[in-house]
């Protein structure tokens, strides 16, 4: 069997619009790569503003009539696209083969659900990769997971703001948190979170919300693994939901953006962890231990 693909080169800020457009026209899948062919790992569905041009590839059935989509793409300035015929291949399996178990901390692993755990005695979080959802591979997510593994979460309430796949909320629960709330602007992220919660047997401990219906509650740990600019935009919301003795875990931040965050959020004692070009910040209201 032969498939059709449409490869679109575009500016990073157009990614969401074009991804939705390809899906609207019937794409079976949409993958995101850097324009230079290196893979982009999104942070909870958002492309960092340091990425300039990306490539989207939409996979379509051979019977797809691409004329109307081509006409639509021709009307969008600043993009390039190419149609290709692809020989039969198990595309889903080829894509899934790229994912392997990832150790993010001592005794904490992220394991695709179709693979066996490497360390049966470890805490193994099963997450299936999906478009625009966190899989634990990005440095920011790994920083957050490692920090959660080092925290005492026993009996605590955790709020994951910008949850993506729900990986951080689920990890917090498996690391001892009492309950978790997962918030995202994307309904598909909330659906993915619930699906992954079921895989990890924590469904009864997690609740999902769109931002405008999030209850007015205080959490012991508030996590925002998004982007630096968005974190600053949401700072009042994050503080409103942080308990007096709570901890604020922030990621999706480039090392060069650290001072931008700390200056925007005075009154907290900050600790920093670095992985590659990325950092995670842990802020405590009560100052250092």
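The values are calculated or read from the model by the stated rules, or taken from the named source; none is laboratory data. The model shown is predicted, which means the values in this text are computed figures rather than measured ones. Neighbour counts are summed over all protein chains in view; Cβ atoms, including those assigned to glycine, are modelled from backbone coordinates with ideal geometry.
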Among the residues of the stretch 113-130, are any assigned by TED's automatic domain parsing to the domain that holds residue 244, under 23 Å from residue 275 (Cα atoms), in contact with a helix residue (DSSP H, G or I) (Cβ under 7 Å, 6 or more places away or on another chain) and not in a strand (DSSP E or B)? no
Can you tell me how many residues within the stretch 244-266 are touching a residue at least 40 places away in the same chain (Cβ under 8 Å) and either touching a strand residue (DSSP E or B) at 6+ places or on another chain (Cβ under 9 Å) or not in a strand (DSSP E or B) (or both)? 7
The residue that is farthest from residue 256 (Cα to Cα), considering only those in the stretch 218-241 that are assigned to a helix (DSSP H, G or I) and in contact (Cβ under 8 Å) with a residue 40 or more places away in the chain, is 237
Restricting the first residue to the stretch 267-278 and requiring it to be part of a strand (DSSP E or B), which pairs with a second residue that is loosely packed, with under 12 Cβ neighbours inside 10 Å meet a Cβ separation below 6 Å and a spacing of at least six or different chains? 269/287; 269/288
Scanning the stretch 131-151 for residues that are assigned to a loop (DSSP other than H, G, I, E, B) and buried (at least 18 other Cβ atoms within 10 Å of the Cβ), the one modelled with the lowest pLDDT turns out to be 132
For the subset of the stretch 174-185 comprising residues that are in contact with a strand residue (DSSP E or B) (Cβ under 6 Å, 6 or more places away or on another chain) and closer than 16 Å to residue 224 by Cα, which member is surrounded by the fewest Cβ atoms within 10 Å (Cβ to Cβ)? 181
Quick check: is even one residue across the stretch 235-254 surrounded by fewer than 14 Cβ atoms within 10 Å (Cβ to Cβ) and within 19 Å of the chain's Cα centre (by Cα)? no
Please work out which one of (1) over 17 Å from residue 225 (Cα atoms); (2) surrounded by 16 or more Cβ atoms within 10 Å (Cβ to Cβ) is the condition residue 114 fails and give its number. (2)
